[in-house]
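Undergrad: What follows is a single structure, and I will ask about it in a moment.
The values are calculated or read from the model by the stated rules, or taken from the named source; none is laboratory data. Predicted model, so just to flag it, every value in this text is computed and none were measured. Because the Cβ atoms are built from the backbone with ideal geometry, glycine has one as well, and the counts that use them run over all protein chains shown.
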Amino acid sequence: MFETLKEQPADKILALMQTFREDPRDGKIDLGVGVYKDASGNTPIMRAIKSAEKQLWEVESTKAYTGLAGDPAFGDAMIAMVLGNAVPRGNVAAVATPGGTGAVRQGFDMVRMANPDAKVFVSDPTWPNHLSILKHMGMTMVPYRYFDADTRGVDFDGMMADLAAAGPGDIVLVHGCCHNPTGANLNMTEWTALVELLLKTGATPMVDLAYQGFGDGLEEDAAATRLIASSVPETIIAASCSKNFGIYRERTGLLMAVSSDPSAHGLNQGTLAYLNRQNYSFPPDHGARVVTMVLNDDALRADWAAELEDMRNGMLAIREQLASELQRLSGSDRFGFIAQHRGMFSRLGATPEQVTKLRDAHAIYLVGDSRLNIAGLNKETVPILAKAMIEVGI
Ligand code: LMR
């Protein structure tokens with residue numbers, strides 16, 4: 001039977017991670033996979049996470065199952081972090097999931113249950129795994145214009161024109177902040193216009209929020225999600241703790257279904273719990289429990305927020321340094337967009353040949369669409385990258 005299986009394409013980001021590991025060259029620079037690195041190239045365990053883990057080791061007395069939705073305290077703490085006071089707690093159904101990807105997958109599953117014919121409108125480009133999961137699930141996807149290749153900003157007019165075609169029962173998938181892979185984001189005026197369009201068309205928004213705290217700050221990065229969830233009748237939100245808590249391998253995320261009709265809560269909550277049961281039963285607990293401890297303890301929370309802020313400011317400083325180094329070397333302002341972008345990524349707009357040359361001639365690894373992981377750089381490697389970019393003709 002197995003011989004009937006077909007080869008599946010390797011995930012490009014993960015394949016690149018492997019190629020990098022196998023590259024024997026000294027001084028190689030990994031700007032591929034979206035993992036935060038400090039100035040020495042390490043992905044540290046955040047201080048508050050480490051303390052919470054130590055405490056948990058002392059106090060945890062059982063490994064018996066939690067609920068299908070995960071520990072309710074995790075849901076409460078995350079909903080407060082993502083949504084603030086934007087919507088009443090009773091309007092939010094939520095389940096813990098294995099990472100943000102698990103939340104995305106369960107969110108699509110919920111959509112498919114509610115409307116098997118739903119069209120999912122996805123930004124062009126989007127995180128490649130969105131497309132891969134939708135394809136695997138046999139769901140219909142419709143790309144909408146997003147990235148303006150000339151300005152390296154958002155093609156907002158194109159986006160709005162394309163999204164006018166979405167209707168009731170369709171999904172508009174957006175990145176709540178720190179768009180992956182481009183780094184180009186809507187401003188609040190544009191988010192407001194998008195909300196108006198969603199209200200007009202009746203399409204349902206789904207927000208992928210994987211980088212809260214990596215762009216303009218924890219609150220600022222949640223502003224668009226809060227605006228959407230408080231304005232439209234129904235919103236799906238997939239939140240990840242991988243990046244902002246640095247717990248990638250613990251697989252910690254939360255899927256939320258927000259409905260302005262509180263009487264829908266029971267059905268939504270039941271559906272999400274059912275989906276967990278069908279797909280993997282109980283969600284992972286360790287990461288969720290540690291996150292809950294951090295969010296609910298004033299001292300741990302303050303320390304975590306301070307460390308996250310340092311990471312965010314470090315990435316902004318790298319953006320500024322790279323943009324100004326490129327300006328110096330090229331004598332032009334054409335790289336100013338790098339300082340404007342937010343989050344871990346920027347799409348440079350380079351050709352696949354230029355990306356290959358960076359890898360082959362300079363041992364600098366970018367994803368093939370010329371996505372650069374800003375957190376993979378430090379003060380010393382910025383000038384190396386800038387020089388190499390100019391040399392390969394970017
Ligand atoms: C990325 O985009 O690099 C990250 O989200 C990691 C992943 O799973 O692709």
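Undergrad: Checking S123 against (1) part of a strand (DSSP E or B); (2) more than 15 Å from the ligand (Cβ to nearest atom); (3) of a type in the set (G, A, S), only one condition comes out false. Which one?
TA: Single failed check for S123: (2).
For (1) modelled with pLDDT of 95 or more; (2) closer than 29 Å to A80 by Cα; (3) among the acidic types (D, E), each residue gets a yes or a no:
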site	(1), (2), (3)
V92	yes, yes, no
A96	yes, yes, no
G100	yes, yes, no
A103	yes, yes, no
Q106	yes, yes, no
D109	yes, yes, yes
N129	yes, yes, no
S132	yes, no, no
T140	yes, no, no
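Undergrad: Considering each residue of region 56-86, count those that are under 26 Å from S231 (Cβ atoms), aliphatic (A, V, I, L, M) and assigned to a helix (DSSP H, G or I), and give that number.
TA: 7
Undergrad: Scan region 233-279 residue by residue and report those that are part of a loop (DSSP other than H, G, I, E, B) and either closer than 20 Å to Y211 by Cβ or within 22 Å of the chain's Cα centre (by Cα) (or both). Give the derivation first.
TA: So in region 233-279, the residues part of a loop (DSSP other than H, G, I, E, B) come out as 233, 241-247, 251-252, 260-261.
Of everything in region 233-279, those that are part of a loop (DSSP other than H, G, I, E, B) and either closer than 20 Å to Y211 by Cβ or within 22 Å of the chain's Cα centre (by Cα) (or both) turn out to be C241, S242, K243, N244, F245, G246, I247, R251, T252.
Undergrad: Residue pairs, Cβ under 7 Å, 6 or more apart or interchain, first in region 243-265 and on the phi > 0 side of the Ramachandran plot, second outside any loop (DSSP other than H, G, I, E, B) and within 16 Å of the ligand (Cβ to nearest atom). List them.
TA: So the pair list comes out as R251/G99; R251/G102; R251/G287.
Undergrad: Still on this structure, please answer the following. Filter region 355-369 down to the residues that are within 26 Å of the chain's Cα centre (by Cα) and either surrounded by fewer than 19 Cβ atoms within 10 Å (Cβ to Cβ) or not assigned by TED's automatic domain parsing to the domain that holds L16 (or both), then identify the one that is modelled with the highest pLDDT.
TA: Pass one, region 355-369, residues within 26 Å of the chain's Cα centre (by Cα): 355-356, 358-359, 364-369.
Subsequent filtering for residues that are either surrounded by fewer than 19 Cβ atoms within 10 Å (Cβ to Cβ) or not assigned by TED's automatic domain parsing to the domain that holds L16 (or both) retains 356, 368-369.
Working: T356: 96, G368: 91, D369: 93.
It comes out as T356.
Undergrad: Select from region 18-52 the residues that are in a helix (DSSP H, G or I) and within 30 Å of L295 (Cβ to Cβ) and write down the one among them that is farthest from the ligand (Cβ to nearest atom).
TA: So the residue we want is S51.
Undergrad: Do you know which residues across region 37-69 are closer than 29 Å to R312 by Cβ, touching a helix residue (DSSP H, G or I) at 6+ places or on another chain (Cβ under 7 Å) and either aliphatic (A, V, I, L, M) or modelled with pLDDT of 95 or more (or both)?
TA: Scanning region 37-69 gives M46, R47, A48, I49, S51, A52, E53, Q55, L56.
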